[in-house]
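Below is one structure; the comments refer to it alone.
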Amino acid sequence: PCHAAKALGLGDDIGSLAVGKQADLALWDISEPAELCYQFGVRPLKELWKGGKAVSGLRR
């Protein structure tokens, strides 16, 4: 992701975790990435952060 952000001229604001950069983060309740596509209708998302702030009211 950091290379894509740099290629678009956005590397100063996004693309990596660093102080002062925008932060979008998803925390999943899974053991391995492949679990994200195992079951349809199951949402293992534990927390979502957009722009450095927690998004509340996630539907379960």
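If you compute P(r) over Cα pairs in 5 Å bins from 0, in percent for the structure shown, which of [x] 4, 18, 29, 25, 14, 7, 2, 0; [y] 4, 16, 22, 25, 21, 9, 2, 0; [z] 4, 16, 19, 17, 18, 15, 9, 1 do you land on?
[z]
Given the -39500 (n - 2.57) contribution per DSSP H run of 4+ residues, what per-residue ellipticity at 222 nm results for the chain, rounded to the nearest 500 deg cm²/dmol?
-2500 deg cm²/dmol
Residue-wise, which Karplus ³J(HN,Hα) couplings in Hz belong to region 28-36, taking 6.51 cos²θ - 1.76 cosθ + 1.60, θ = phi - 60°, and x for glycine or proline?
So the J values, rounded to whole Hz, are 10, 8, 9, 8, 8, x, 4, 5, 5.
Could you name the lysines in cross-link range of Lys6, using Cα to Cα under 24 Å and dropping any fewer than eight places away on the same chain?
Within reach: Lys21, Lys50, Lys53.
Could you size up the charge dipole of the chain around its Cα centre, putting +1 on the beta carbon of Lys and Arg and -1 on that of Asp and Glu, and report it in debye to the nearest 20?
240
Over the chain, with a Gaussian network built from C-alpha contacts below 10 Å, which listed residue (Gly20, Gly11, Gly41) shows the highest mean-square fluctuation?
In this elastic network of the chain, the residue with the biggest mean-square fluctuation among Gly20, Gly11, Gly41 is Gly41.
Compare Ala26, Ala34, Ala18 in a GNM of the chain, Cα atoms joined below 10 Å, and give the one with the largest fluctuation.
Evaluated over the chain, the most mobile residue of the options is Ala34.
On the protein heavy atoms, probe 1.4 angstrom, tell me the percent of accessible surface of the chain carried by carbon and sulfur.
In the chain, the share of accessible area belonging to carbon and sulfur is 57 percent.
Keeping all protein chains in place and using 1.4 angstrom, which order do Glu35, Glu47 fall into by accessible surface area, from largest down?
The residues order as Glu47, Glu35, largest area first.
The values are calculated or read from the model by the stated rules, or taken from the named source; none is laboratory data. Quick caveat: nothing in here was measured; it's all calculated off a predicted structure. As a convention, Cβ positions derive from the backbone with ideal geometry for all residues, glycine included, and neighbour counts pool all protein chains shown. For accessibility, only protein heavy atoms count, side chains too; no ligands or nucleic acids. Shrake-Rupley method; radii C 1.70, N 1.55, O 1.52, S 1.80 Å.
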